[in-house]
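Structure record follows, encoded as structure tokens.
What follows draws every value from the coordinates through simple rules; no lab data is involved. Just so it is clear, the structure is predicted and the values come from calculations on it, not from any experiment. Every residue, glycine among them, receives a Cβ derived from its backbone with ideal geometry; neighbour counts consider all protein chains shown.
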Amino acid sequence: MTIQDLIPERDFAAARGVSLRTVQRERAQRIGPPFIKLGRMIYFRPQAIEQWLIAQEQAQPRAKQSA
């Protein structure tokens with residue numbers, strides 16, 4: 001993996017359709033994907049994002065059967 005493979009925080013927010021501030025807040029609350037900090041810049045590994053998305057997956061609850 002090279003630095004070119006990393007996704008900048010702003011691009012991650014845009015891909016999710018949320019504001020940069022939302023991603024920053026999630027990072028501060030430790031509810032977002034793992035990140036890499038290089039200087040002042042924040043980056044995400046594509047594999048880390050994929051694993052985080054999988055962990056966010058929720059099963060659809062079954063509908064109640066009527067008699």
Scanning the stretch 1-31 for residues that are aliphatic (A, V, I, L, M), assigned to a helix (DSSP H, G or I) and under 24 Å from GLU57 (Cβ atoms) gives ALA13, ALA14, ALA15, VAL23, ALA28
Selection from the stretch 42-67 of residues in a loop (DSSP other than H, G, I, E, B) and surrounded by 10 or more Cβ atoms within 10 Å (Cβ to Cβ) yields ARG45
Restricted to the stretch 10-34 and to residues being more than 14 Å from TRP52 (Cβ to Cβ) and not hydrophobic (A, V, I, L, M, F, W, C), the residue surrounded by the fewest Cβ atoms within 10 Å (Cβ to Cβ) is GLY17
(1) surrounded by 10 or more Cβ atoms within 10 Å (Cβ to Cβ); (2) at positive phi all hold for GLY39 apart from (1)
